[in-house]
Amino acid sequence: ASNNGYFEEVVSTASSASLNARKSGAHAIASDAGVIQAHSLMRLERYEEAAKVLDEALADADRAKHPRSLAAVYLAKASLSRLLRDFQSAMKFARGAMAAAPDTQTKLEYHLAIGRIMYSSGFDIAAIVWLERAERLSANLPVSSAHLDVLGHLSFAWTSKFNYAKAIEYGEKLVATSEKTEFKYRHRLARYEFAGLLDAVGQERRAKQMRETGLSLALAAKD
């Protein structure tokens with residue numbers, strides 16, 4: 001449901017899944033469901049609820065002693081802190097994720113998190129450095145939502161430096177890559193974002209086609 005943008009549905013389903021898993025003693029599953037719920041709450045800008053859910057998810061991950069679950073909670077807390085513009089806490093949580101589970105997927109998500117923090121703090125060049133490292137890490141991994149976010153934020157960061165050639169390169173790559181995945185909501189967003197870039201460089205006809213396809217996909221998904 002989250003892959004198609006149905007965030008209210010995800011909040012309800014993940015909340016029930018987390019509660020049931022906790023009651024049965026499956027604390028790692030409860031933690032992972034809580035992280036999914038929290039990300040959807042962040043999408044809905046319900047930040048206080050997301051913070052409470054993540055505190056519960058962290059407690060579950062601690063009980064389970066599951067490194068990857070711990071890392072996922074810390075990365076979600078980093079995202080929430082960044083959205084609240086508490087960049088010091090965001091950095092602390094991102095580092096906590098790496099300490100908990102220093103595998104390649106976590107490294108990718110860590111570099112993405114730091115890149116997003118740098119971008120939100122106004123350090124565009126530093127953001128690009130971290131995000132490009134994240135993209136290199138993604139080369140040997142299956143396509144994930146983190147990989148798509150890397151491409152999207154690289155496009156944003158290069159746009160902020162008025163390097164539209166690089167921005168379009170990453171925007172186009174995001175559209176093509178996301179189209180082949182289950183992340184349908186992200187693919188629709190990628191089309192709208194890329195259309196804005198095309199408008200900026202005078203490619204109005206192509207931008208219109210990109211938006212029309214995005215609209216058709218959104219209507220089909222009832223989003």
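Per-structure values
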{"read-out": "Residues (open to solvent by 10 Å² or more (accessible area, probe 1.4 Å) and of a type in the set (Gly, Ala, Ser)) located in the range 163-180", "value": "Ala165, Ala176"}
{"read-out": "Considering residues of the range 167-207 that are in a helix (DSSP H, G or I) and of a type in the set (Phe, Trp, Tyr) only, the residue modelled with the lowest pLDDT", "value": "Tyr185"}
{"read-out": "Members of the range 47-105 found to be on the phi > 0 side of the Ramachandran plot and at pLDDT 95 or above, listed by number", "value": "Arg85"}
{"read-out": "For Ser138: the one exception among (1) at pLDDT 95 or above; (2) among the hydroxyl-bearing types (Ser, Thr, Tyr); (3) touching a Leu at 6+ places or on another chain (Cβ under 6 Å)", "value": "(1)"}
{"read-out": "Residues of the range 115-157 that turn out to be of a type in the set (S, T, N, Q), touching a residue at least 40 places away in the same chain (Cβ under 8 Å) and within 18 Å of Ser79 (Cα to Cα), as a count", "value": "1"}
{"read-out": "Neighbours by Cβ (under 6 Å, 6+ apart or cross-chain): first from the range 158-170, under 15 Å from Trp130 (Cβ atoms); second open to solvent by 40 Å² or more (accessible area, probe 1.4 Å)", "value": "Trp158/Lys166"}
{"read-out": "Residue in the range 55-79 that is most open to solvent (accessible area, probe 1.4 Å), counting only those that are closer than 16 Å to Ala14 by Cα and touching a Gly at 6+ places or on another chain (Cβ under 7 Å)", "value": "Glu56"}
{"read-out": "Residue in the range 24-51 that is most open to solvent (accessible area, probe 1.4 Å), counting only those that are within 23 Å of Pro67 (Cβ to Cβ) and not in a helix (DSSP H, G or I)", "value": "Ser24"}
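The values are calculated or read from the model by the stated rules, or taken from the named source; none is laboratory data. All of these numbers come straight from a predicted model, not from anything done at the bench. No Cβ is skipped: glycine too gets one built from the backbone with ideal geometry, and neighbour counts run over all protein chains shown. For the accessible areas, the whole protein counts, side chains as well, though only heavy atoms, and no ligand, DNA or RNA atoms are used. Shrake-Rupley method; radii C 1.70, N 1.55, O 1.52, S 1.80 Å.
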